[in-house]
Amino acid sequence: QLVEKLMYYGISAITLNITGSERHEGLRACVSQTGMDRLGELEARLKAFNKDHAK
């Protein structure tokens, strides 16, 4: 499951179907408590995830 794979990289996410979104496919990363000073770290984690899961 994608949520579990993201957790391995230290990224928490929730499914769109519990956010009130009209779209139900996809995830929303939980970043509301992430300070601007940590966005570079988040970017690095997302790049690592992308690199490791590219087809």
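Taken together, the values in this text are just the output of simple stated rules run on the coordinates, not laboratory data. Note that this is a predicted model, so its numbers are computed, not measured. We place every Cβ from the backbone using ideal geometry, glycine too, and count neighbours over all the protein chains shown.
Summary table below
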quantity	calculated
Residue in the stretch 33-55 that is surrounded by 13 or more Cβ atoms within 10 Å (Cβ to Cβ), assigned to a loop (DSSP other than H, G, I, E, B) and under 12 Å from the mean Cα position of the chain (by Cα) present	no
Hits in the stretch 1-25 - residues which are outside any helix (DSSP H, G or I) and of a type outside the set (Val, Ile, Thr)	1, 9, 10, 12, 13, 20, 21, 22, 23, 24, 25
Output for the stretch 1-43, where each listed residue is among the small types (Gly, Ala, Ser) and within 23 Å of residue 53 (Cα to Cα)	10, 12, 13, 26, 29, 40
